Amino acid sequence: MLQRIRERISPTDVVMWLIGGGLMFMVVWGSIATLIKGTYTTRHWIDFVIFGLAQGSVYALIATGYTMVYGVLRMINFAHGEVFMSGPYTAYFVAAYFYRNDFLEAQPILCLGVIFLVSMAVSVTIAFFLERIAYRPLRGAPRLIPLITAIGASFFLQYLFRGLYGSSFQAYPDIPMLEGHWVIAGIRILKFQAVVIVAAVMLMFALYSFVMKSRIGKAIRSVSEDKEASALMGIDVDKMISMTFVVGGAAAGAAGVLYAIMFKQVHFFMGFIPGIKAFTAAVLGGIGNIPGAMLGGIFLGLVESVGPSLFLDGLGIVAPYQLKDAIAFTMLVMVLIFRPTGFLGERLAVKKA
Amino acid sequence: MAMLEVEGIHTYYGLIHALKDVSVNVEEGEVVTIIGANGAGKSTMLKTTSGLLKPRKGSIRLNDEELTQLRPHKIVEKGVVQVPEGRRIFGTLTVMENLDMGAFICTNSQKNKKNLNRVLELFPRLKERSKQVAGTLSGGEQQMLAMGRALMTNPKVLLLDEPSMGLAPVLVDDIFATIRQLHDAGTTILLVEQNARLALQVASRGYVLQSGSVVLSDTAENLEKNEMVREAYLGE
Ligand SMILES: Nc1ncnc2c1ncn2[C@@H]1O[C@H](COP(=O)(O)OP(=O)(O)OP(=O)(O)O)[C@@H](O)[C@H]1O
Ligand SMILES: [Mg+2]
């Protein structure tokens with residue numbers, strides 16, 4: 001009997017469960033301690049949640065790009081963070097021009113529309129050529145090779161934009177319309193955060209409807225499932241792969257503007273951390289699964305925003321907010337260990353079996 | 001001139017010479033079968049015709065138009081559509097979405113509606129299941145869906161790769177009845193089968209493929225009487 005148990009449970013499993021259990025215990029204990037200590041009022045928590053939703057919906061939009069590309073190519077496009085950076089960085093110059101000429105004050109909605117379009121167009125272009133130039137020639141190569149190429153492409157794009165636009169932080173102009181706050185149902189909410197959340201949710205809805213309902217969207221899903229069978233149905237597989245990068249690029253370009261509205265600055269390196277976070281979100285949700293990526297992004301944003309104060313403050317850690325990235329990546333590792341298919345990943349696991 | 005002419009093709013998988021000088025003709029309205037043992041190269045032959053594999057030598061023509069260098073989706077546009085071995089339906093898409101994908105190349109909604117009605121008439125079962133996720137269909141229903149999907153563009157030539165594979169005998173009979181029905185309606189069919197007995201009953205002519213070469217080709221009647229075929233493929 002004991003023998004059997006010993007055969008079925010390896011020592012590494014035991015260590016993993018101990019680490020996982022320990023972390024869970026710390027989280028619960030820290031949360032209780034924080035709540036008893038009462039440093040934060042309800043107002044604080046509401047602010048954390050709203051900020052987390054805004055940040056998370058940006059991650060969610062970027063994450064759809066990772067997950068869709070993984071769907072069709074079974075590869076992680078590590079240059080997707082740079083696709084995300086290229087749009088808002090280029091659109092910055094348009095925004096700055098509008099600001100200098102006072103258009104931003106006079107016609108804020110029109111200006112924002114143009115900024116979004118420029119950003120999305122640039123990200124789409126970069127994503128399209130990234131696939132055409134860097135990935136397509138490697139179709140059919142062993143999986144490690146496109147992965148290395150993706151990392152190379154990521155650096156290439158970072159330094160390309162550094163060369164083009166310089167290496168300093170550029171401050172995105174304030175948009176007067178988005179200053180200040182609204183009070184909705186007794187909750188004070190910063191205007192720009194509300195706009196980011198609403199815009200991101202609308203974009204996600206549009207993207208999801210496109211993938212589920214449109215002819216191209218269905219073809220992208222077919223290609224994700226079986227390239228050969230898709231080709232036999234008359235679907236141009238290469239074109240659908242391009243379309244996937246285009247759709248992911250558009251989402252990333254839009255997310256980039258939302259990010260710039262939230263943090264009010266752009267930089268050639270700005271895609272790196274959000275890129276990895278969005279990748280984490282895609283894995284959390286179950287890579288290859290679009291609603292999963294969206295959920296994962298929002299979940300990650302919330303945990304990052306609420307987590308440090310909730311889990312760590314009660315443990316007597318002085319600057320918990322500095323540890324938000326540590327929390328995010330601990331979560332990634334835990335998910336990879338205990339639920340490699342992510343929240344909604346069963347479908348993928350079944351499909352591969 | 002036959003409708004589909006495959007002439008002297010050689011196909012390789014790396015160093016493996018899988019098809020050696022294979023020639024197959026299919027006349028308009030005809031059902032032609034290719035029989036052969038496991039690994040003989042039957043699927044390779046259909047994949048080469050569909051453009052999934054490129055022959056190193058030889059040519060494939062439809063009504064005298066060269067298909068050899070075209071990419072698979074272009075070959076579908078020309079009117080040669082394959083139902084691949086193992087059905088390969090899109091399991092996460094609904095039945096209706098699968099049928100939509102069969103009609104991907106055609107954006108004329110009037111034509112699509114007509115073809116859809118024809119397919120649903122042929123396979124009423126698919127109509128009942130139209131909203132169901134295709135992965136949850138039974139094996140027989142999946143085969144119907146695979147065939148229905150391929151018929152959504154009303155192809156000039158239908159390539160069928162082992163449509164009876166893995167099906168219960170009753171369902172095999174159903175599938176062959178459908179093939180007969182399609183033949184009666186004038187569809188040109190190239191049928192690959194392990195079940196040589198049934199295949200030779202629906203086909204007018206047949207080819208025997210052995211280790212990548214055509215070793216015999218004759219009318220179905222003569223093949224059924226042939227000593228070698230009886231021994232090797234009809235189990236007599
Ligand atoms: N992807 C591949 N790579 C290398 N060799 C292959 C590949 N696919 C098939 N072959 C080889 O090519 C030969 C022909 O295979 P093919 O699949 O065409 O046979 P088949 O007649 O369809 O057999 P079955 O009745 O089992 O479907 C076999 O020897 C097979 O091992
Ligand atoms: Mg085969």
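The values are calculated or read from the model by the stated rules, or taken from the named source; none is laboratory data. All values reported here derive from a predicted model rather than from experimental measurement. When we count neighbours, we look across all protein chains shown, and the Cβ atoms used for this are built from the backbone with ideal geometry, even at glycine. For accessibility, only protein heavy atoms count, side chains too; no ligands or nucleic acids. Shrake-Rupley method; radii C 1.70, N 1.55, O 1.52, S 1.80 Å.
The lone criterion from (1) more than 14 Å from chain B (Cβ to nearest Cβ); (2) surrounded by 24 or more Cβ atoms within 10 Å (Cβ to Cβ) left unmet by A:ILE276 is number (2).
Conditions (1) open to solvent by less than 10 Å² (accessible area, probe 1.4 Å); (2) away from chain B (no Cβ under 14 Å), marked per residue:
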| position | (1), (2) |
| --- | --- |
| A:MET240 | yes, no |
| A:GLY248 | yes, yes |
| A:ALA281 | yes, yes |
| A:ALA293 | yes, yes |
| A:LEU300 | yes, yes |
| A:ILE317 | no, yes |
| A:ASP325 | no, yes |
| A:LEU344 | no, no |
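Take the residues in region A:206-238 that are charged (D, E, K, R) and either under 22 Å from the mean Cα position of the chain (by Cα) or at the interface with chain B (Cβ under 9 Å from one of its Cβ atoms) (or both), then tell me which one is surrounded by the fewest Cβ atoms within 10 Å (Cβ to Cβ). Per the stated criteria, the residue is A:ARG215.
Regarding B:ILE75, is this residue within 9 Å of chain A (Cβ to nearest Cβ) and assigned to a helix (DSSP H, G or I)? Yes; evaluated as a whole, the condition is true for this residue. Within region B:78-128, being away from chain A (no Cβ under 13 Å), farther than 17 Å from B:GLN142 by Cα and of a type in the set (Lys, Arg) holds for B:LYS111, B:LYS113, B:LYS114, B:ARG118.
From A:LEU112, A:LEU138, which residue is open to solvent by 30 Å² or more (accessible area, probe 1.4 Å) and out of contact with any strand residue (DSSP E or B) (no Cβ under 7 Å at 6 or more places or on another chain)? Quick ask: steps written out before the conclusion?
On the way: A:LEU112 fails: open to solvent by 30 Å² or more (accessible area, probe 1.4 Å).
Residue meeting the stated conditions: A:LEU138.
Can you say whether B:ALA196 is on the phi < 0 side of the Ramachandran plot and away from ligand 1 (no atom under 13 Å from the Cβ), as far as the supplied structure shows? Lay out the reasoning, then the answer.
Details: on the phi < 0 side of the Ramachandran plot: yes; away from ligand 1 (no atom under 13 Å from the Cβ): no.
Against the criterion (on the phi < 0 side of the Ramachandran plot and away from ligand 1 (no atom under 13 Å from the Cβ)), B:ALA196 does not qualify.
Taking B:LEU70, is it more than 16 Å from ligand 1 (Cβ to nearest atom), within 14 Å of chain A (Cβ to nearest Cβ), assigned to a helix (DSSP H, G or I) and open to solvent by less than 50 Å² (accessible area, probe 1.4 Å)? The answer is no for B:LEU70. The set of residues from region B:40-64 being in contact (Cβ under 8 Å) with a residue 60 or more places away in the chain and either charged (D, E, K, R) or surrounded by fewer than 14 Cβ atoms within 10 Å (Cβ to Cβ) (or both) comprises B:LYS42, B:ASP64.
When B:LEU145, B:LEU122, B:LEU151 are screened for being aliphatic (A, V, I, L, M), touching a residue at least 40 places away in the same chain (Cβ under 8 Å) and open to solvent by 10 Å² or more (accessible area, probe 1.4 Å), only B:LEU122 passes. May I ask you to verify whether B:GLU128 is touching a Pro at 6+ places or on another chain (Cβ under 8 Å) and of a type in the set (Asp, Glu)? Judged against the criteria, B:GLU128 is not a match.
Close contacts from region A:182-205, counting a first residue that is open to solvent by less than 20 Å² (accessible area, probe 1.4 Å) and a second that is not in a helix (DSSP H, G or I), with Cβ to Cβ under 7 Å and a gap of 6+ residues or different chains, come to A:ALA194/A:TRP182.
Return the only residue of B:GLY86, B:GLY91, B:GLY79 being within 16 Å of ligand 1 (Cβ to nearest atom) and surrounded by fewer than 23 Cβ atoms within 10 Å (Cβ to Cβ). Write out each step before concluding.
Values: B:GLY91 fails: within 16 Å of ligand 1 (Cβ to nearest atom); B:GLY79 fails: within 16 Å of ligand 1 (Cβ to nearest atom).
Exactly one of B:GLY86, B:GLY91, B:GLY79 is within 16 Å of ligand 1 (Cβ to nearest atom) and surrounded by fewer than 23 Cβ atoms within 10 Å (Cβ to Cβ), namely B:GLY86.
Once region B:154-174 is narrowed to residues that are open to solvent by 10 Å² or more (accessible area, probe 1.4 Å) and outside any loop (DSSP other than H, G, I, E, B), the residue that is nearest to ligand 2 (Cβ to nearest atom) is B:VAL172. Apart from one condition, B:LEU191 fits all of (1) away from chain A (no Cβ under 14 Å); (2) away from ligand 2 (no atom under 16 Å from the Cβ); (3) touching a strand residue (DSSP E or B) at 6+ places or on another chain (Cβ under 6 Å); the exception is (2). Restricting attention to region A:210-219, does a residue exist that is touching an Asp or Glu at 6+ places or on another chain (Cβ under 9 Å) and among the basic types (Lys, Arg)? Yes, there is a match, as at least one residue in region A:210-219 is touching an Asp or Glu at 6+ places or on another chain (Cβ under 9 Å) and among the basic types (Lys, Arg). Cβ-Cβ distances below 7 Å connect the following pairs, each with a first residue in region B:161-189 that is more than 24 Å from B:LEU62 (Cα to Cα), a second residue that is open to solvent by 60 Å² or more (accessible area, probe 1.4 Å), and a separation of six or more residues or different chains: B:MET165/B:GLU85. Within region B:193-229, restricting attention to residues that are within 17 Å of B:ARG180 (Cβ to Cβ) and of a type in the set (A, V, I, L, M), the residue that is farthest from the chain's Cα centre (by Cα) is B:ALA220.
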